[in-house]
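Data block below; observations after.
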Amino acid sequence: MRFWMLALINLRRRPLRSILTILGVAVAVAGFVAMVGLSRGLEQAWLNSLNARGTDLLSVRKGVIDLLTASISADLGEEIAKIPGVAAVSGALGEVTTLEEDQTSLAEGWPTDSFLWQGMTLVRGRLPLPGEGSVVVLGEGAAAALRKDLGAHLAIEGRPFKIVGIFRMGGAMGNYSVVMPLQSMQSLIEKEGKVTGFHIRVDRPGEGGRIEAVQSALQKAFPALSFVQSGNMSESDKILKLFRAIAWSVSLIADVIALVVILNTLLMSVLERTREIGILSAVGWSSARVLVLFLAEGCALTLLGGGFGLLAGSLGLHALTSLPRMRGLIEGDIGPGLLMDAFLMAIVLGLAGSLYPAWRATKLDAVEALGYE
Amino acid sequence: MALRDVSLAVAPGEHLAIMGPSGSGKSTLLHILCGLDRPTTGRVKFGGVEPESARAWRALRARKIGFVFQAFNLIPTLTARQNVEIAMFGVLGAAKERAAKALYLLGRVGLSERADHRPAELSGGEKQRLAIARSLANSPAVILADEPTGNLDSKTSSQILDLLDVIRSSEGTALVVVTHDEAIAHRASRLICIRDGMVDSDRS
């Protein structure tokens, strides 16, 4: 019999209690994977979407909580373009909209001469022409989900738009989005002359400190706006920060509950096995060996729970991001880093939850323990 | 105070019985002899050396001392073989070695056929044989037996005592038996009587 086998035998003696403990850990780990995976996925979707457009800096109204609710005069774009180091500026107006079949998508409006169009790969059709209204290009993900193709009409917020192109663009958010000329978008959401923000390309962005210098100059010239490097967008968006904080808070609460469950299970186990601990002492087991036995039992519980939790969390996140209302906005991001974090979390839970019961086991008086009924 | 002015030495291979009425302190003496209890005053030496810490006593119990209890003290969730193996953790490194030695010892006490049975499936006599096999796990210098036949009928008691005698004589292991049964006490080569925590008599 190997040592780890002894730990498993001990866990099998109270199968229901062990299963419930494993379930508690699994829920905590699944919650962590799903919530943090969702939060990271949301951030990644933003970053992918911005990276695909070749944006170096993004400007939004200072202090705004939700980027998409911001509203800035589109005319400011010309002023921004005058700042030395700015290579190109494009206003963009975005809003989360409901398309047909309950599909939720990010709808954006861009000027027809914007550099932002260069970031998308046109799969079929063409881009909107200058002066053209009520036309859209549709991400290929959204096109497939809605079973729409070139020439078909798409209802956005109840208004029909003709699909003139199907495109592909970084990440789920891009591929499930719909883009139209800026004026059409302004008319659709009744924000004539307004944009949500400006995408800015910097001249010679590869030069060290160049982007930061232009950012600083812009910030000085336009104190009412906030200029953010696209790579830092997730740090600046208060909604993303809030979502991340909620994800970690919920995970932390689930972890604490799992910790209490493990603690309770192993303390009960120490109490029930008091006599056995006395026997182990009588046959010469060292305190360290008794300690390791209980730590091993705690870790075995959390590793099993962690395994189930990883699976459940991954499947749950996949199911969640496949919902029509979610798939255009969020993609789950369960990379090796997150899996490793979840695995480490399970180990830490196991060790933390079993340390005190294990210590209690080593402190039992052997003679009293042998007489324990 | 459970014991007072007790001074005794146990020679290698000796068969010693400690006798006395209930509450006389004989079990306490046994516990002190193996370091499960520590005396408030006085010293206990093993092989001329005084173990100074609980850790040193645990190491001694693992390698030099076998224990047989009246209540058997077997682990109910483990099989007979595993109950013997449990005493070898930290002494014999490889799992295969532990398993092989456990089977050999079960054979010595006549439990080969019961190796994969749990204690609940064994009779009282078989349980005590199993406890004896466990006490032999690490070839101890001394076996301490606390009322080893207290829970057994007379026929089974006799078989268990015979087994302990055979082991003592064949292995050269010292045997210290605590009992309040005169018949058992008289099987030993030396008898110490304890009364009210003091040695009343010590005769060979």
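The values are calculated or read from the model by the stated rules, or taken from the named source; none is laboratory data. Everything numeric here is computed off the predicted structure, so don't read it as measured data. Here the Cβ is made from the backbone with ideal geometry for all residues, glycine too, and neighbour counts use every protein chain on show.
Of all residues being surrounded by fewer than 18 Cβ atoms within 10 Å (Cβ to Cβ), over 13 Å from the mean Cα position of the chain (by Cα) and part of a loop (DSSP other than H, G, I, E, B) in segment A:299-341, which is modelled with the highest pLDDT? Just the residue, please.
Checked segment A:299-341; the qualifying residue modelled with the highest pLDDT is A:323.
For residue A:289, only one of the following conditions fails: (1) crowded, with 24+ Cβ neighbours inside 10 Å; (2) within 14 Å of chain B (Cβ to nearest Cβ); (3) not β-branched (Val, Ile, Thr). What is its number?
(1) is the only condition that residue A:289 fails.
Can you name the residue in segment B:24-38 that is touching a Gly at 6+ places or on another chain (Cβ under 9 Å) and of a type in the set (Gly, Ala, Ser) and is also nearest to residue B:143 (Cα to Cα) among such residues?
Looking at the filtered set, the residue picked out is B:25.
If you go through segment B:104-126 one residue at a time, how many are part of a loop (DSSP other than H, G, I, E, B), free of Cβ contacts under 8 Å to residues at least 40 places away in the same chain and charged (D, E, K, R)?
So the answer is 1.
Within segment A:246-278, how many residues turn out to be out of contact with any Leu (no Cβ under 7 Å at 6 or more places or on another chain) and either of a type in the set (D, E, K, R) or within 14 Å of chain B (Cβ to nearest Cβ) (or both)?
4
So which residues in segment A:193-222 are in a helix (DSSP H, G or I), touching a Gly at 6+ places or on another chain (Cβ under 8 Å) and loosely packed, with under 15 Cβ neighbours inside 10 Å?
Matches in segment A:193-222: A:213 only.
Within the group B:191, B:163, which residue is touching a residue at least 40 places away in the same chain (Cβ under 8 Å) and more than 15 Å from the chain's Cα centre (by Cα)?
B:191
Being under 19 Å from residue B:83 (Cα atoms) and away from chain B (no Cβ under 14 Å) is the filter here, so list the residues in segment A:292-318 that pass it.
Hit for segment A:292-318 is A:294, nothing else.
Check residue A:190 against each of (1) more than 13 Å from residue A:108 (Cα to Cα); (2) crowded, with 24+ Cβ neighbours inside 10 Å and name the one condition it does not meet.
(2)
Report every pair of residues separated by at least 6 positions or lying on different chains whose Cβ atoms are under 6 Å apart, first residue within segment A:1-13 and under 17 Å from residue B:116 (Cβ atoms) and within 8 Å of chain B (Cβ to nearest Cβ), second among the charged types (D, E, K, R) and assigned to a helix (DSSP H, G or I).
A:1/B:85
Looking at segment A:14-50 only, could you name the residues that are buried (at least 20 other Cβ atoms within 10 Å of the Cβ) and within 14 Å of chain B (Cβ to nearest Cβ)?
A:18
Among the listed residues A:12, A:17, A:40, identify the single one that is modelled with pLDDT under 85, in the same structural domain as residue A:302 (by TED's automatic domain parsing), more than 22 Å from residue A:202 (Cα to Cα) and of a type outside the set (Gly, Ala, Ser).
It is A:40.
Is it true that residue A:33 is β-branched (Val, Ile, Thr) and assigned to a helix (DSSP H, G or I)?
So residue A:33 passes the test.
Hey, can you tell me all the residues within segment B:82-103 that are within 8 Å of another protein chain (Cβ to nearest Cβ), in a helix (DSSP H, G or I), surrounded by 18 or more Cβ atoms within 10 Å (Cβ to Cβ) and of a type outside the set (S, T, N, Q)?
B:85, B:86, B:87, B:98, B:99
So is residue A:113 acidic (Asp, Glu), surrounded by fewer than 16 Cβ atoms within 10 Å (Cβ to Cβ) and within 32 Å of the chain's Cα centre (by Cα) or not?
The answer is no for residue A:113.
Collect the residues in segment B:65-78 that are assigned to a loop (DSSP other than H, G, I, E, B) and either of a type in the set (Gly, Ala, Ser) or at the interface with chain A (Cβ under 9 Å from one of its Cβ atoms) (or both), keeping them in residue-number order.
Those that are assigned to a loop (DSSP other than H, G, I, E, B) and either of a type in the set (Gly, Ala, Ser) or at the interface with chain A (Cβ under 9 Å from one of its Cβ atoms) (or both): B:69, B:71, B:73, B:74, B:75, B:76, B:77, B:78.
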